[in-house]
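Working notes, structure below.
The values are calculated or read from the model by the stated rules, or taken from the named source; none is laboratory data. If you're wondering where the values come from, they're calculated on a predicted model, not measured in any experiment. When we count neighbours, we look across all protein chains shown, and the Cβ atoms used for this are built from the backbone with ideal geometry, even at glycine.
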């Protein structure tokens, strides 16, 4: 590639030279200069000079060669046949073709010539007037000459062919004298610099080699000197007393640095408020579903203070260190303490064994390992005792001595601790590798202990402590979610444990957002598929288990439910909606679950105020279930999953008058979903009243939420009719129910008179008139010629369109010139023909005139004869 | 013939050694051989016939086989045929008479045995193997009989021997049980054009009889189910040239026969269906018929217009049946210029809240879209449809909304006049209530044109973002092209969820309000009045 480029370059240079020669010769009046209005320095221009005359004549020449040929041959119908052997045969290789052709030619020649060839003598081949046969005899001589010539630096060809092709030596000499071209000079410079560099390198290498050699030699000698040197070192170390140590310590002690001023409580509160406000604003923006771009930008510039950085946990780790009976009270520090002790032990062990130079390094590494886990803690605490253990690496011996002193104390402490710790939980936990491990760890422990274990596990694996901890915590999160789902199905529900788990799940979810999202989404999809499978097997929707319901609730705590689009929340909403619209109520438990989902929906949409037709429909269905008398003749308007006729339709009808009841107890979540009581705890009037109250309460809440919607009336129309129909039976309910009923009815009635405005499309903003003032661009870049459309694809399209337009223009111009040329040619032809004809006519006329003249002359003569 | 007899003997000997049970079968087989060996043993035939009524399955099977053997031999030898000219020449008158009588008797026996076998097919007690065997035997008889007719016929005359078919039909569509399996076996025979032709003829003749019998509901359901299964299996030829496959003798192509004309085939097919549809169909069959009608039946009928009555009455039934009848009606309206009064009014009334939960909703919406493609519809009607749909959308599940909203917008694209429903700039602009009356049955009186689609505006805050985005389209200028609904119609919630789950996310926003407990945290909507958590 490079070579060809070079060749091309040279070729073009030659060409340029020729050209310039001609240009000089050509008429200066024929050159057209394209003047520049504003000369710009350092800018290369393509079309500075034009040569219209030459260009035109060239174009005409070209047309004469191509277009004119075509034009002249337009009526020709004969064809050129390519009879070359194997020319159109793709199966033959070039050699084969050549062989064939050669054979054919030979044969042909032979056939022709061999007829008369009597003596079968070969022709004598000559070269430069000499017989080749003769030359061949001097083979040896030639080869020696060749060598010679190569050594001389001549081209062998020159020698081989007698040199008659090359120029004479005198000319060559002339060429050497010529000043070098710019390129050659540059090449020379490059070569020189490379040479210099190489030399420098070589010199350096030589020096290195020599030094190495010296070192080697020195090592041989050094053992002789060793005794002397070692002594002096030992002396100096002995000399250093406490004072020196102190001085050194003080020297290396870190100095106090300027820190930020402590914030006053007010300032802190203000900061916190600002942070929350910002988060709230973000939430609102997402709720409206505004632009992903801005969000993307934001995610790029994530500040250190933001969510992902464990903001919620930070303050907890900064607990104060306090001692009680010589031990730190805070388990956090205790833990650090213990770790450090372990480290110390390692040190001493190593120290005992290690005396060799070679193993120092290893020890250092060990030190670092032991220390790395505790860095965070150390930075927080100012306790020098433990810190010292791993600080100075420079003065190893001193360290070891110091360590020895400490270790005894530490060991004692440790023994004490082991005794107490045996009763307690261990302080460090590894993150379990799989779900079974986690379960075996937590199995059959009281919930408070389980929570503590989790807490410690998280502390030990804080992302700032080690490299892989973040991913460990991510896996822990998915295990915990799994665990949450499994304990949520337990009978009876352990609410405390669930609450504790919720907290940990929430906090762990902050580790990294995308894995969190994926983890929760995967579990959700799994649950959904289970639900779907059951539905398909039974042919009808079945309410999912308690764990799914509680999982919905958990999701609402981990993710913002008000987002317009959310990769976890959107499928969850769809799932809940499907449950409400697909699963028919077949037991009291189903009612409880359905109502729970309605309430969860409330939780999900209370900020975004989104419309959930399924909930309204379901609550309407519950009202229908509580209706005492169902007309046998008239079918009520209920939508699936409720059916106008069915055996479950009386589930919420009160069995007796309960208007005297004053208290309506709340239902415990752990009780209401339990299946162990055989549902008898739900099949009573208390539950019915509760369900009715909750239904009315939720309807009221939803109504308040949708109040401002234009078609709220239509949305609540079925509810309204249901409420009115129920007016009679409501008397049986306790006061609270009646009160709720009344308020709801009033609110629904109040919707009627609301004004609504006719719909209108958003108007197009009028296009402003073009201004005369110059338009200023903010980010004007003069080096960029075209303004990009902002989009890569659009830019590409724009470029292509431009190119297409240019090509089109060029093609049209060419075509126009072609036609002009042809017209010219035709005209020329016509003129030529006319001229020819004219000439012929003239000749004929001349001939006729002559004839007539002759005839007349003869007539005259005849007359003369007569007379 | 002789060799086969020898073979039989060998086999029988084998069987006779097997035991007492086997001996009975071999006994039956021996009888068949006895009958074939000489005319003196003719009365064996009566015994064999009796065996077909036997309790034991094995005996029945053996007797069927025996009958098969006997009659296929007889038929092939043409020993039951009386040929006048031949007999007159060769034997004296008296023997002729005896011979004639004997043949007559044989023919009678043949008919009886066909009847017996057919009886076996529909018998509630007989096992599937017996049924299948007797069916196959009958079909074999039919084939042989058609090649060697028992009644002499003229040269080149085409007669299809219908002994078997006429006996078979009532038992195929029996009221006694569901013949689904057996009919599956029968399907291969329906490829024969002549068989199909006469089967359908006989079926059309038989079905009115069923109507006259006093059958219980279950029995009627069986008849209908069987007939439907049978008719469903029929594949009709589409060109005259396709009629080539015959069980019996192929008729002369030159002769202008009914059996060779496609038109006749279609007529027979149509007749069979029409008589079938006159029965009182159970709802399951009814729905299936409606599903089949426009694709499998109507194109093959000589005059589908005859179905108008049926379809009209179905359309008036309401509910899912009406939805299904739409397809057939559409076929008639478009291809046969059927004038249907108040078609659109009825269509309008089919739009009910439960429409989103029925099985055939995709088909219904597809058709409704087709019906409303016409640009000649008055705008009040289109507006009424749009408004009704938008009202219904308030109770629709999200997957339905994914196509309902584009459906409405497509209506506006076709009828830009109606877009006043989303873009009203003149007249009274403030409303206290919606002028649209959704209870009105007549779209003309529903005042839809005076209303606006506030429902869609409400849906702009639907919980699913896809729906919300679609609903926001009403504020944008009308698109130039309609949106294709075909992909959207089959969507269900599971599709939406998987679509949502497969999206790649660049960031997952997390809740910033710290959560300490599952219940009772920040902004708890689970009111402590109703819920408690320990």
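Taking residue B:426, is it more than 12 Å from chain A (Cβ to nearest Cβ), part of a loop (DSSP other than H, G, I, E, B) and without any contact (Cβ under 8 Å) to a residue 40 or more places away in the chain? Answer is no for this residue.
Among the residues making up the stretch A:601-611, those that are surrounded by fewer than 24 Cβ atoms within 10 Å (Cβ to Cβ) and either more than 8 Å from chain B (Cβ to nearest Cβ) or assigned to a loop (DSSP other than H, G, I, E, B) (or both) are A:606, A:607, A:608, A:609.
In the stretch A:669-777, counting only helices (runs of 4 or more DSSP H) that sit wholly within it, the ones holding 1 or more residues that are more than 8 Å from every other protein chain (Cβ to nearest Cβ) and either out of contact with any helix residue (DSSP H, G or I) (no Cβ under 9 Å at 6 or more places or on another chain) or modelled with pLDDT of 85 or more (or both) span A:669-672, A:685-706, A:717-725, A:735-750.
Would you check which residues across the stretch B:478-534 are free of Cβ contacts under 8 Å to residues at least 24 places away in the same chain, within 7 Å of chain A (Cβ to nearest Cβ) and part of a helix (DSSP H, G or I) and list them? Answer for the stretch B:478-534, where residues must be free of Cβ contacts under 8 Å to residues at least 24 places away in the same chain, within 7 Å of chain A (Cβ to nearest Cβ) and part of a helix (DSSP H, G or I): B:494, B:497, B:500, B:501.
When the stretch A:545-565 is limited to residues that are outside any helix (DSSP H, G or I) and within 7 Å of another protein chain (Cβ to nearest Cβ), the one that is farthest from residue A:509 (Cα to Cα) turns out to be A:564. Suppose we filter A:473, A:497, A:477, A:557 for residues that are within 27 Å of residue A:583 (Cβ to Cβ), in contact (Cβ under 8 Å) with a residue 40 or more places away in the chain, crowded, with 17+ Cβ neighbours inside 10 Å and not assigned by the TED database to the domain that holds residue A:675; which single one remains? Checking each option against the conditions leaves just A:557.
The residues of the stretch A:660-675 that are surrounded by 15 or more Cβ atoms within 10 Å (Cβ to Cβ) and over 30 Å from residue A:497 (Cα atoms) amount to a single one, A:661. For the stretch B:374-390, filtered to residues that are in contact (Cβ under 8 Å) with a residue 40 or more places away in the chain and crowded, with 24+ Cβ neighbours inside 10 Å, the residue that is nearest to residue A:618 (Cα to Cα) is B:390. Here residue A:629 passes the criteria (1) farther than 17 Å from residue A:699 by Cβ; (2) in contact with a helix residue (DSSP H, G or I) (Cβ under 7 Å, 6 or more places away or on another chain); (3) at pLDDT below 90 except the one numbered (2). Exactly one residue out of A:863, A:840, A:817, A:856 is in a helix (DSSP H, G or I) and in contact (Cβ under 8 Å) with a residue 60 or more places away in the chain: that is A:817. On the basis of being within 23 Å of residue B:381 (Cβ to Cβ), at pLDDT below 90, part of a helix (DSSP H, G or I) and more than 9 Å from chain A (Cβ to nearest Cβ), does residue B:449 make the cut? Judged against the criteria, residue B:449 is a match.
Taking the criterion of being more than 44 Å from the chain's Cα centre (by Cα) and under 16 Å from residue B:476 (Cα atoms), the residues of the stretch B:416-451 that qualify are B:420, B:422, B:423, B:424, B:425.
When the stretch B:273-289 is filtered for residues that are over 13 Å from residue B:229 (Cα atoms), within 14 Å of the chain's Cα centre (by Cα) and part of a helix (DSSP H, G or I), the ones remaining, listed by number, are B:274, B:277, B:283, B:287. Can you confirm whether the stretch A:648-667 contains a residue that is more than 9 Å from every other protein chain (Cβ to nearest Cβ) and either within 42 Å of the chain's Cα centre (by Cα) or closer than 29 Å to residue B:491 by Cβ (or both)? Checked the stretch A:648-667: no residue is more than 9 Å from every other protein chain (Cβ to nearest Cβ) and either within 42 Å of the chain's Cα centre (by Cα) or closer than 29 Å to residue B:491 by Cβ (or both).
Looking across the stretch B:334-348 at every residue that is crowded, with 16+ Cβ neighbours inside 10 Å and assigned to a helix (DSSP H, G or I), the one that is nearest to the other protein chains (Cβ to nearest Cβ) is identified as B:348. Under the condition of being within 30 Å of residue A:691 (Cβ to Cβ) and free of Cβ contacts under 8 Å to residues at least 12 places away in the same chain, the residues counted in the stretch A:739-770 number 4.
Scanning the stretch A:566-591 for residues that are crowded, with 23+ Cβ neighbours inside 10 Å and over 23 Å from residue A:526 (Cβ atoms), which turns out farthest from the other protein chains (Cβ to nearest Cβ)? Filtering the stretch A:566-591 for residues that are crowded, with 23+ Cβ neighbours inside 10 Å and over 23 Å from residue A:526 (Cβ atoms), the one farthest from the other protein chains (Cβ to nearest Cβ) comes out as A:585.
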